[in-house]
1. Report every pair of residues separated by at least 6 positions or lying on different chains whose Cβ atoms are under 9 Å apart, first residue within the stretch 38-52 and on the phi > 0 side of the Ramachandran plot and loosely packed, with under 15 Cβ neighbours inside 10 Å, second among the hydroxyl-bearing types (Ser, Thr, Tyr) and at pLDDT below 90.
2. Evaluate the following for Leu28: is it on the phi < 0 side of the Ramachandran plot, surrounded by 13 or more Cβ atoms within 10 Å (Cβ to Cβ) and modelled with pLDDT of 90 or more?
3. Tell me which residues, restricted to the stretch 12-50, are among the aromatic types (Phe, Trp, Tyr) and outside any helix (DSSP H, G or I).
4. When the stretch 53-66 is examined, which residues are found to be in a helix (DSSP H, G or I) and exposed (fewer than 12 other Cβ atoms within 10 Å of the Cβ)?
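The values are calculated or read from the model by the stated rules, or taken from the named source; none is laboratory data. Because the structure is a prediction, the values reported are computed rather than measured. Note that we place each Cβ from the backbone using ideal geometry, even for glycine, and neighbour counts take in every protein chain shown.
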Amino acid sequence: MMDHSYMMTGYWSPWHWFAFVMFAALVLYPVGRILARIGYSPFWSILAFVPLANLVGLWFVALGEWPRHRSSS
């Protein structure tokens, strides 16, 4: 049987980190831009990586009153 204990020690190749950073940038940048355009802080885009919090955040943005619309009224 193969020994897969190295997978549990946190060893990741540089390619893994490169792919992770690219994926994070491909998700965080557009979500941050959308949030900034509707009046929220772009830092809320970090919730896109938290399970269940991303769904709660999506519903909050979809159903809540947007700060940009509040200030212009």
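1. Gly39/Ser71
2. Values: on the phi < 0 side of the Ramachandran plot: yes; surrounded by 13 or more Cβ atoms within 10 Å (Cβ to Cβ): yes; modelled with pLDDT of 90 or more: yes.
So Leu28 passes the test.
3. Restricting attention to the stretch 12-50, the residues satisfying the condition of being among the aromatic types (Phe, Trp, Tyr) are 12, 15, 17-18, 20, 23, 29, 40, 43-44, 49.
Hits for the stretch 12-50 are Trp12, Tyr40.
4. Across the stretch 53-66, the qualifying residues are Leu55, Val56, Trp59, Ala62, Leu63.
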